[in-house]
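Take a look at the structure set out below.
Just so it is clear, none of the values below were taken in a lab; they were calculated from the coordinates. A quick note: this is a predicted structure, and the numbers were derived from the prediction, not measured. Heads up, the Cβs are rebuilt from the backbone with ideal geometry, glycines too, and the neighbour counts pull from every protein chain shown.
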Amino acid sequence: MGVVLRTAWWGVLSSAAAPVLLIGGWTLAAALQPAGFDSVTESISALAARGAQDRWVMTTALAGLGVCHGVTAASLRPAAAAGRVLLGLGGAATVLVALLPLPADQGGSRAHTVAAALALTSLAAWPALAWRRRPPVVWVLRPVVGAGAAVLLLGSLGWLFAELLADGERIGLAERVAAGSQALWPLAVVAATRRDRSLRVPS
């Protein structure tokens, strides 16, 4: 039987901070916008675009979110290395999203789009690569759970892409569902691995 280290305690802090930063960031940033801003139709990136009111709020939240994902990936020792790398990649790409804002004229940005697509795809797919077969295995890292989580996360991302392609009226809502789910799943994994007593605590 193999020996697997528990998730580091600081992973609890980073995984809990991620959804707080994201959801708190988009809520506060939206409240600071001029009257008429609609979170159902407007994207998260619009809150950090050049020219947005108090754009530093969402920019800081996105950068902090990316750092949190990277820290969580480093802490998740019970997860397979491939999944941890993909989670860390998603975090790094999220930081790039913050550093590459949309232009003030509401136009597009290829660099921003590429960074956002990489971040969202990586953060949706990482559970599919994080599972382990050899014991001890925490339930949340079993193959069927990891695959199921990835299907749900990728499904919400598919809704977002469909809205974007159709220039739909719920782009903002779809993005918030997808990004919010991606921020919450690492917290669930960390919580489950921290509670499992079959994993060894590092000396």
Under the classification rounded if a/c is under 1.5, otherwise prolate if a/b is larger than b/c and oblate if not, where does the stretch 38-137 fall, given a ≥ b ≥ c as square roots of the Cα gyration tensor eigenvalues? prolate
Want the number for Ala81 to Leu152: 0.36 nm per residue separation, take away the alpha-carbon distance, what's left? 23.4 nm
With eigenvalues of the C-alpha gyration tensor scaled by 5 and rooted, the stretch 1-83, Å: 34, 10, 10
Just one of (1) 100; (2) 134; (3) 122 is volume of the Cα convex hull per residue in Å³ as worked out from the coordinates here. Which one is it? (1)
Once you place label points 7 Å from the Cα toward the Cβ at Gln53 and Ala31, how far apart are they in nm? 1.3 nm
Rounded to whole Hz and in sequence order, give me ³J(HN,Hα) for the stretch 19-30 from the Karplus expression 6.51 cos²θ - 1.76 cosθ + 1.60, θ = phi - 60°, writing x for Gly and Pro. x, 5, 5, 5, 5, x, x, 6, 6, 5, 4, 5
If Lys and Arg each add +1 and Asp and Glu each add -1, what is the summed charge of the other residues whose beta carbon sits under 15 Å from the beta carbon of Gly25? -1
The chain - mean residue ellipticity at 222 nm from DSSP helices (-39,500 (n - 2.57) per run, n ≥ 4, rounded to 500): -21500 deg cm²/dmol
